[in-house]
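*Asks:* Quick one: the structure is below, questions incoming.
We did not get these values from a lab; they are worked out from the coordinates using the rules stated. Given the structure is predicted, the values throughout are model-derived calculations rather than measurements. In this analysis, Cβ positions are derived from the backbone assuming ideal geometry, glycine residues included, and neighbour counts consider all displayed protein chains.
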Amino acid sequence: MYVIRFSQHNFIYSMSNSEVPKAAHEALAPISGSPFAKQERVIDWGRDDPEARLGFRNGRFTTASPTLSFLAAGLLTALFYTILTLSLQRGGDEARWFAEMFLKRGPCPYPTVLLFFWAVCLLFFKWRKIKLQKRVLNLSFLPMEPEFVLTATTARAVRERMGQMVDNPHHFLLLNRIDLALANLHNIGNPADVATILKIQSENDEAQMASSYGLVHGFMWTIPVLGFIGTVLGLSEAIGSFARVIQAGGDMEQIRSSLQNVTGGLATAFETTLIALVCAMIIQLMISFIQAGESRFLDDCNEVCHKQIAGRLRISKS
């Protein structure tokens, strides 16, 4: 048998040469780059998070900042309409038709496009934040030796190690969950209680993930409504123009002019709905893709907590 003794940030293996063969000595030797050896920071939230790097207030874990996303959406919307204006002036028939669909179909396409780009920017920043969170899964903050167990003493060293590897563990979903469990280890009398804490925090993280899509889901409801409003406005315009056609009587010039307004109103009615439905469809596809990736990330976090934390707990009475 061998004895593991904790000393500051290193594990010391104490055993007799006559008791343990050479192969066992090699197997029990501290591995190169021990997780408890001091090293440079691996992940810096302030440097790697896209919102923090630009000086904006961070959303919690994978929640994107509405402010930064709105500013980015405003720039994209301005650029989009600038390109459409140039296409209307210099483009071919197809380019002019596409530009007119956004520029000459009433007021509804403008907020629709803005909300669309706002949702796209929110989802883009969220995707980047999920990628940053996933990097934590590759960190080795626990010794790989199967004999290592978590106690009140070693838990403190693990927390210190996490603080060395990242600038603030509470910025990262997995490390925050682990840190909360280990911080309460001193007051826990049963390993099952730690598993309970991890389970509760896992449920909180899932609720946090669901709530982070709240604004985008709101846009998913608003954009089709804007399309229906455009439809109503277009039909109202077409009906009013048709009434003027009837009033024109036999004057062919007035009839021709009124019919142009009728067709214009119908175009507004159908094309505003088309724009809204296409935008909503693209956003829904993006939500499904990103949400699936985030769900897999949460599953990976649960697996790490189960295998590396709950499965290696021992309560020390000293």
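*Asks:* At a temperature of 25 °C and a viscosity of 0.890 mPa s, determine how fast the range 88-161 diffuses translationally according to Stokes-Einstein, using the Kirkwood radius over alpha-carbon pairs as Rh; express D in µm²/s, rounded to the nearest whole number.
*Replies:* Answer from the Stokes-Einstein relation: 138 µm²/s.
*Asks:* State the dimensionless ratio Rg/Rh of the range 32-144 (Rg: radius of gyration of Cα atoms; Rh: Kirkwood radius).
*Replies:* Rg/Rh: 1.24.
*Asks:* Follow-up. Estimate the FRET efficiency between Ala292 and Glu160 by the formula 1/(1 + (r/R0)^6), using the beta-carbon distance for r and 45 Å for R0, to the nearest 0.05.
*Replies:* For Ala292 and Glu160, the calculated efficiency is 0.80.
*Asks:* Which entries in the list Lys126/Lys199; Lys199/Lys307; Lys134/Lys307 go over 22 Å, if you measure between the two C-alpha atoms of each?
*Replies:* Lys126/Lys199
*Asks:* Straight-line reach from Lys104: which aspartates and glutamates fall under 18 Å, measuring Cα to Cα and dropping same-chain residues less than 8 apart?
*Replies:* Those aspartates and glutamates meeting the cut-off are Asp93, Glu94, Glu237, Glu271.
*Asks:* Starting from the Cα of Ile239, step 7 Å along the direction of its Cβ; do the same at Met144; then give the gap between the two resulting points in nm.
*Replies:* Rounded to a tenth, the inter-label distance reads 7.4 nm.
*Asks:* List the residues whose amide H sits under 5 Å from the amide H of Leu313, counting only those 5 or more places along or on another chain, with H placed 1.01 Å from N in the peptide plane.
*Replies:* Residues meeting the amide H criterion: Leu150.
*Asks:* So, one more: Using 0.36 nm per residue, how much length does the chain from Glu94 to Met281 gain when fully extended, once their Cα-Cα distance is taken away?
*Replies:* 65.0 nm
*Asks:* With just the Cα atoms defining each centre, how far is the range 78-103 from the range 129-154? Give it in Å.
*Replies:* Rounded to whole Å, the Cα centres lie 53 Å apart.
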